[in-house]
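Below: one structure, written as structure tokens.
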Amino acid sequence: MDYKAIPFEKRIKANIRNYALDNLFSLDTLTEYCKALCAVADVAILITERHGEKVVSVGGFARFTPDVVGEPGRKVRVYGRTIAHLYAETDKVPSDKRESVEKMLDGFASMLSQWGEEAYLHMESAIYMDELEEKVGVKHVQTAKGEKEDVLTGVYHKHYFEERMEVIDRSEVVPVAVVNVNINDWKFVNDHFGDEESDRLIKTIADILKKEAKPDYIIGRVDGDVFITLIPMAEDGEAEAYCANVQEACLNYEDAILAPSVACGVVYKTNVEEQIQDILPDAEYEMFNNKFEIKNAPGYRERLEHGI
């Protein structure tokens, strides 16, 4: 299959037919949620697969035979395809509350569609990117770790990192958070403590970046004191929280000489036509704004010079 010719959006619309409800949800968790909902609203709930097989049943549906064609109930749809049917028995609900309960059930079906779509998109994105790497022939995918990684830090070196950027661009996954991380006053450490300590500072920052990252984050060292982290399918606020955690870990780092500090800039790729390479300058611009704030904050200089 030529993935270059088939857009990601077309692929995910086609592949949803291969997914069942238990591929997208934890059925135990879904059952517990339905039990709580039934207890609060005094309703019975049944959730079936797309063809009517019962999956979750809470309340009075033991003898009920679903008719997903004639009486489909509330449909749970992911990327235009029905993956489940939600039935509810509301006879015990007081008449003055029934309208509100019906709206709540409509909202529940809508949330299931949204949650299912998010889960599906995450899984298909990971599969697609792995297959795409193989298809486009990324040279270092099957090579030893040392050929991918920066020797000092263990994150991806610049060349391999740029290849990963291209893979993400080809995959048409959005949004992608692009985080520029620059070490503050690396030259100060090099001038006052020498190469060994400045290298230790770089490695310390890399270790913090890796520790605070989730497994799907892609981290590269693209210059001496500059790192880029890519977060495919970033959720709202996820990249900003990552930066905050990294900066907090730097502040909490205790050392007789080093006082790690980084500036971060975050931008987002939101259009599949964009190239990550083209928005890197925007991330760098945001990083410099953050650097100005940090280096002019009270106490920054004293912390930096504490090892002299």
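Distance between the C-alpha centers of the range 268-308 and the range 158-205? Whole Å please. For the range 268-308 versus the range 158-205, the Cα centre distance is 12 Å.
Only helical DSSP H runs with n ≥ 4 go in: add -39500 (n - 2.57) per run for the chain, normalise by residue count and round the 222 nm mean residue ellipticity to 500 deg cm²/dmol.
On the way: 10 runs with 148 residues, N = 308.
Roughly -15500 deg cm²/dmol at 222 nm, from the helical runs in the chain.
For the peptides 281-289, 67-75, 295-303, the ranking by mean Cβ contacts within 10 Å, running from highest to lowest, is 281-289, 67-75, 295-303.
Rg/Rh, computed from the Cα trace of the chain with Rh as the Kirkwood radius, has the value 1.11. Among 168-180, 24-36, the peptide with the highest mean count of other Cβ atoms within 10 Å heads the list, and the full ranking is 168-180, 24-36.
Given the convex hull over the Cα atoms of the range 223-276, what projected area results after averaging over all orientations, in nm²?
So the mean shadow area of the Cα hull is 4.8 nm².
How much length is gained on full extension from residue 106 to residue 297, taking 0.36 nm per residue of separation minus their Cα-Cα distance?
63.7 nm
At 0.36 nm per residue, minus the direct Cα-Cα distance, what do residue 121 and residue 188 gain on full extension? Give it in nm, one decimal, please.
19.6 nm
Take the range 161-209 with all the other protein chains still there, run a 1.4 Å probe, and you get 35 Å² of accessible area per residue.
With the alpha-carbon atoms of the range 145-186 aligned to their principal axes, the span from lowest to highest coordinate is 35, 27, 11 Å, starting with the largest. The H on the amide N of residue 222, modeled in the peptide plane, is under 5 Å from the matching H of 227, 228, each at least 5 residues off or on a different chain. A straight Cα-to-Cα reach below 19 Å connects residue 97 with the aspartates and glutamates 42, 89, 106, residues fewer than 8 places away in its own chain not being considered. The C-alpha radius of gyration of the range 234-308, expressed as a fraction of 2.2 N^0.38 Å, stands at 1.34. Its residue count N sets the reference 2.2 N^0.38 Å, and the alpha-carbon radius of gyration of the range 164-234 equals 1.29 times that reference. By accessible area, using a 1.4 Å probe on protein heavy atoms only, the chain has 49% of its surface on carbon and sulfur.
For the peptides 112-123, 187-198, the ranking by packing is 112-123, 187-198, with the highest mean count of neighbouring Cβ atoms within 10 Å listed first.
The values are calculated or read from the model by the stated rules, or taken from the named source; none is laboratory data. Given the structure is predicted, the values throughout are model-derived calculations rather than measurements. For neighbour counting, all protein chains shown are included, and Cβ atoms are generated from backbone atoms with ideal geometry for every residue, glycine included. Heads up: the accessible areas ignore ligands, DNA and RNA and are worked out on the full protein's heavy atoms, side chains in. Shrake-Rupley method; radii C 1.70, N 1.55, O 1.52, S 1.80 Å.
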